[in-house]
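Student: Pasting a structure here, questions to come.
The values are calculated or read from the model by the stated rules, or taken from the named source; none is laboratory data. Here the structure is a predicted model, which is why all the values come from computation and not from measurement. Backbone-built Cβ (ideal geometry, glycine too); neighbour counts: all protein chains shown. Keep in mind that these areas ignore ligands, DNA and RNA; they rest on the heavy atoms of the full protein, side chains included. Shrake-Rupley method; radii C 1.70, N 1.55, O 1.52, S 1.80 Å.
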Amino acid sequence: MASYKFPDDFLWGVATSSQQIEGGRHEAGRSESIWDRFASIAGNIDDGSNPDVTCDHYNRYREDIRLMSDLGVDSYRFSVSWPRIIPEGIGAVNEKGLDFYDSLVDELLENNIKPFLTLYHWDLPQILQDKGGWANRDIAKSFIDYTQAVVNRLGDRVKMWSTHNEPWCITTLGYEEGHHAPGLKNPAEALRVAHHLMLSHGWAIDVIRRASDKSEVGIVHNYCPAYPHSDSPEDHDAVRWFDGFFNRWYLEPLYNGSYPLDAIEDRVRAGHLESSELPFVEDGDMDIISSPTDFLGLNYYSRTIMKKDNSGKAVAVPAAPKEELTDMGWEVFPKGLYDSLINVNEKYQPKKIYIAENGAAFSYDADKNGEITDSRRIAYFRDHLMNAQKAIKAGVPLAGYYAWSLLDNFEWGFGFEKRFGLYAVDPDTQNRTAKKSASWYSGTITSNSVED
Ligand code: FCB
């Protein structure tokens, strides 16, 4: 048995997001979000559910912080619901909406848990979507007003800030493929969306730093490593295409101040751009987007295997037998985390990296004593953490790990059927039950190591 020891100052955490756990749909002046609207349209959420109540964390946050204390986490990554803060999208700040986060942050600090705040984890006020959402450059400006309101109130106590969670998901799932709110299918507009997200990220950095002394500011990207199906040049080109579309489109502007040329050409060929001139980029934008950050947050869940089909199109190949997939249909591939960390570190040299999300959905049956033995989740965490530790040994400046997620929650278009939590949540009683993985994670945090 080998032991994989983490550095003494390694941050252990759990992650959630506002729309997925808070509920409190109408509390204290909160307005409608794009996910409230999206979920109200029949057929959009697989199990027909909506996020009105979810885990009722809005009312139960103290209990949930006790669960975090039981786990022994050093840090909690959560997001703020924009429709609580500026319900009209523009104009008045709703101090009552901020009160909730104020109390949450105080309670975390009293329990010695460092708050790691994400400003945008997908719950845009619907009223801003009615003006075009992220496809409208003015929304990036509204994001700055929202950022200012949050940082003015919480910046004295919150010292870890992420602007956006997963710009690729917002862009492609929301505006290009329509699986996520706002449910649009417009690839040309999606490129605008990506640009405005990254631009608003860049603008926000300075706003946060000025109002939150000695804070760390970054962004969270969902990194997906791609591997070729065969050694053919075509399959290698499919990998290049995927990496450009999914990873480099965001990371190159961030670290190099430019969009990847090959991926621009791919978009021109696909008819999403008229030419390689990007019509939405204005003078100075790329300098703003590439403003130095303090860390890069990476969310890692799985990999993709790519090939070219008979028509020359890059397509993903179903990766693995069913037993190796999670309930999301995602292959369990822990080495992909190691490869991702090494690649990102070599290419972009972020000052620091956090794994801002990592986890797996598995359904469960409680035994007759009500115990939930989620062995596959434990194995998932253990194997990924071993790979994370190896990457640290290889020189990657990985400073922390956030398990997704504290609670079973509203998994976007899938509803409540996909269960990622360390704790199960009974939808009728809202009772939380620790799964076996919770005590396993807690032991890992205490020993600051994993054993294979
Ligand atoms: C990520 C999201 C998070 C959750 C996990 C499973 O893409 O950031 O909200 O849905 O996937």
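Student: Show the residue pairs that are 6+ apart or on different chains and have beta-carbon atoms under 8 Å apart, the first residue being within the range 8-36 and farther than 21 Å from Phe416 by Cα, the second being modelled with pLDDT of 95 or more and among the acidic types (Asp, Glu).
Tutor: Qualifying pairs under 8 Å: Leu11/Asp74; Trp12/Asp74; Gly13/Asp74; Ala28/Asp99; Ser31/Glu88.
Student: Separate question: For the range 353-452, which strands (runs of 3 or more DSSP E) that fit wholly inside it have 2 or more residues that are under 17 Å from the mean Cα position of the chain (by Cα)?
Tutor: Filter on the range 353-452 gives 353-358, 398-404.
Student: Could you pull out the residue among Leu273, Leu261, Leu298 that is buried (at least 18 other Cβ atoms within 10 Å of the Cβ) and more than 16 Å from the ligand (Cβ to nearest atom)?
Tutor: None of the other options fit; the residue is Leu273.
Student: With the range 83-180 as the region, which helices (runs of 4 or more DSSP H) entirely inside it contain at least 2 residues that are within 16 Å of the ligand (Cβ to nearest atom) and farther than 23 Å from Ile34 by Cα?
Tutor: Qualifying helices (runs of 4 or more DSSP H): none found.
Student: Of all residues in the range 40-49, count the ones that are in contact (Cβ under 8 Å) with a residue 60 or more places away in the chain and under 22 Å from Asp327 (Cβ atoms).
Tutor: Of the residues in that region, 6 qualify.
Student: Just the residues that are away from the ligand (no atom under 16 Å from the Cβ) and closer than 28 Å to Gly91 by Cα, please, taken from the range 37-49.
Tutor: Across the range 37-49, the qualifying residues are Arg37, Ser40.
Student: How many of the residues making up the range 21-57 are buried (at least 24 other Cβ atoms within 10 Å of the Cβ) and under 19 Å from Leu108 (Cβ atoms)?
Tutor: Residues meeting the conditions: 4.
Student: Consider the range 25-58. How many of its residues are among the acidic types (Asp, Glu) and in contact with a Gly (Cβ under 8 Å, 6 or more places away or on another chain)?
Tutor: Counting residues in the range 25-58 that are among the acidic types (Asp, Glu) and in contact with a Gly (Cβ under 8 Å, 6 or more places away or on another chain) gives 4.
Student: Also, quick follow-up: Show the residue pairs meeting these rules: Cβ distance below 9 Å; 6+ apart or different chains; first residue within the range 336-364 and touching a residue at least 12 places away in the same chain (Cβ under 8 Å); second residue open to solvent by 20 Å² or more (accessible area, probe 1.4 Å) and of a type in the set (Val, Ile, Thr).
Tutor: These pairs meet every condition: Leu341/Ile392; Ala360/Val332; Tyr364/Thr373.
Student: I would also like to ask the following. Please determine, by comparing only the residues of the range 407-432 that are of a type in the set (A, V, I, L, M) and crowded, with 21+ Cβ neighbours inside 10 Å, which one is nearest to the ligand (Cβ to nearest atom).
Tutor: Taking the candidates together, the pick is Leu407.
Student: Being within 19 Å of the chain's Cα centre (by Cα), open to solvent by 50 Å² or more (accessible area, probe 1.4 Å) and under 20 Å from His229 (Cβ atoms) is the filter here, so list the residues in the range 319-344 that pass it.
Tutor: Selection gives Trp330 alone.
Student: Of the residues that make up the range 268-280, is at least one without any contact (Cβ under 8 Å) to a residue 24 or more places away in the chain and within 13 Å of His195 (Cα to Cα)?
Tutor: Yes, the range 268-280 has at least one match.
Student: I've got another one for you. Asp9 passes all but one of (1) more than 25 Å from Gly183 (Cβ to Cβ); (2) within 16 Å of the ligand (Cβ to nearest atom); which number fails?
Tutor: Unmet condition: (2).
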